[in-house]
1. If you check Leu220, Leu210, Leu262, which single one turns out to be in a strand (DSSP E or B), farther than 20 Å from Gly92 by Cβ and of a type outside the set (Asp, Glu)?
2. Residue by residue through region 388-400, note down the ones that are closer than 18 Å to Gln331 by Cα and touching a residue at least 12 places away in the same chain (Cβ under 8 Å).
3. How many residues are open to solvent by 50 Å² or more (accessible area, probe 1.4 Å) and within 20 Å of Asp214 (Cβ to Cβ) when one looks only at region 233-255?
4. Taking Ser371 as the residue in question, decide whether it is of a type in the set (Gly, Ala, Ser), closer than 30 Å to Ser98 by Cβ and at pLDDT below 90.
5. Could you please give the count of residues in region 284-303 that are open to solvent by less than 40 Å² (accessible area, probe 1.4 Å) and farther than 16 Å from Val103 by Cα?
6. Being in contact with a helix residue (DSSP H, G or I) (Cβ under 8 Å, 6 or more places away or on another chain) and open to solvent by 20 Å² or more (accessible area, probe 1.4 Å) narrows it down to one of Pro61, Pro71, Pro108, so name that one.
7. Can you tell me which of Ala133, Ala88 is open to solvent by 30 Å² or more (accessible area, probe 1.4 Å), farther than 24 Å from Arg286 by Cα and of a type in the set (A, V, I, L, M, F, W, C)?
8. So Phe151 clears everything in (1) over 26 Å from Leu462 (Cβ atoms); (2) open to solvent by 20 Å² or more (accessible area, probe 1.4 Å); (3) modelled with pLDDT under 95 except one condition, right? Which one?
Amino acid sequence: MAYRWETPASVWLEDEHSAQFELSSSEGLSRIDWQEQVRGRLPDVAHLLGASLPSSCACAPIYPEGFAFCPTCGRPLTKLAGRAKARADWWGPWSDQSLPRHVPHGLPVSSLALGESLEERPAAPSVGRAELAMPVPPNAQCAFAAGAFGFPVQRLIALAPARGVLQYWDPLAALWHVMAAEEHSADLSFTSSDYAWLPVAPGRRGEVALVPTDRGLQRLWINPVSETYRTEAVFDAAIVGAPGAMRRHVACLFNTSAGTRLWSALSDLTGVVLYDCGAPASGWSRPIGYDSRLFWLHAQGQLIWQPGAPPQWMPWPAGWSPRLEFGGPTQSRDGRLWLIGHAEQSYSFLELGRQHPQVEPISGARLGFASLLFRRGHAVVGEPWDSEQVEDPHEEDSLVLPLLRGFNNNRSQPSGLVLRFHAYTGKAEDALAERIIARTTVEWIGKRNVILDEIARLSRPLECVPFVYDNCLWLHHPDWNQVRGWRLEELT
């Protein structure tokens, strides 16, 4: 016989002989599989649920939420409920929903106050080192999300879209766990275009996001106690372009026998409307939200959609090809978006969103996005086509690749996380591919330039993924054995 204990969120069973507690059910979680693997993760489970842990007795390894004393021996317990600190959510550098409207959404721009902490470190030429490390996920090419997901504590997940594998980080055991799909759950693989998910706010317990899959748009739920996930179908179709949000609307691209179409709905997923596009069936960038419109970019053209109107497919001008790998659209002083590309023997910036765009020629390749732009080792401060600002002539032999812009309304000059390739000669395109770069530094560019770390023999730098978790900035690359981390001050 088992005694039944009910808390506001869970039901526990206490064995009358052993006095051991077993979680029977908990709000928002699917079936609880309380077996040996869960028992080995009891500290993490207790933090997830806000349960209690023994501090000086050995009567049971875990107790229900709210227990302050062991019911068997009466000794005090470590009561975890209400102890957790609120942490800022992270949905990828391209998914910050807190940015103001005049900043493009969908580019690697963060509203978190990263610079205020990182710039307190010794300035260049002092070279710092990563202070923290975690092992890379078993499936290393992945997107990261850090959030509470309706639980009392923040947790980190990593989704590898090429294989459809969802991974969960147990910070107390310092282990990655591969989460198993529950019965009737969809395959999470998404391979046709760049990956992006849409966070759900306010999320219910265990609810993660709207995620694209090759077979449809799904609502994703996790059960970190049993290490499983489940999905709910939102739209069944062959999704070929990641979903985006524009105010009260969401939209994504899907493929049919008649060609590519656009699916749109209100944010509560009602009011579904379908549009024809006449656009390519794969190879799309993540959508960019700006000026009340969503932009999907492609090697052949741009697809633009404004809620309430049909989408517009605009091929690039004849002879001009984009350089999407250089970072993405940037802004001019008058608020227009521009994309770098190449025509004949020269680079140029092309105005986005117009049938007859303006073109501005430039003297060389520029890497960056959203006003965080560099030509070789020097920042471009004015218009995207202006000459670079040379502060240190010795940086002429380096090449800077921006990874993340830190948005701060109080700063006149953009700041952010960059990679600097030292003593680099050659085309920018070559540096972003398989070429091995002998020496690279990880730097924060801002009021003070801070060198955070040094990397030897880096290749495919575009696979570097920055993320924020547990009040730390992390940098991941699939070739590394460990994810590098730097502590941040409290983010407010």
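1. Leu262
2. Glu388
3. Final tally of qualifying residues: 3.
4. For Ser371, the condition - of a type in the set (Gly, Ala, Ser), closer than 30 Å to Ser98 by Cβ and at pLDDT below 90 - is not met.
5. Result for region 284-303: 8.
6. Residue meeting the stated conditions: Pro61.
7. Result of the check over Ala133, Ala88: Ala133.
8. All conditions pass for Phe151, except number (2).
The values are calculated or read from the model by the stated rules, or taken from the named source; none is laboratory data. Nothing here was measured: the structure is a model prediction, and the numbers come from that model. Because the Cβ atoms are built from the backbone with ideal geometry, glycine has one as well, and the counts that use them run over all protein chains shown. With ligands, DNA and RNA removed, areas are computed over all heavy atoms of the protein, side chains included. Shrake-Rupley method; radii C 1.70, N 1.55, O 1.52, S 1.80 Å.
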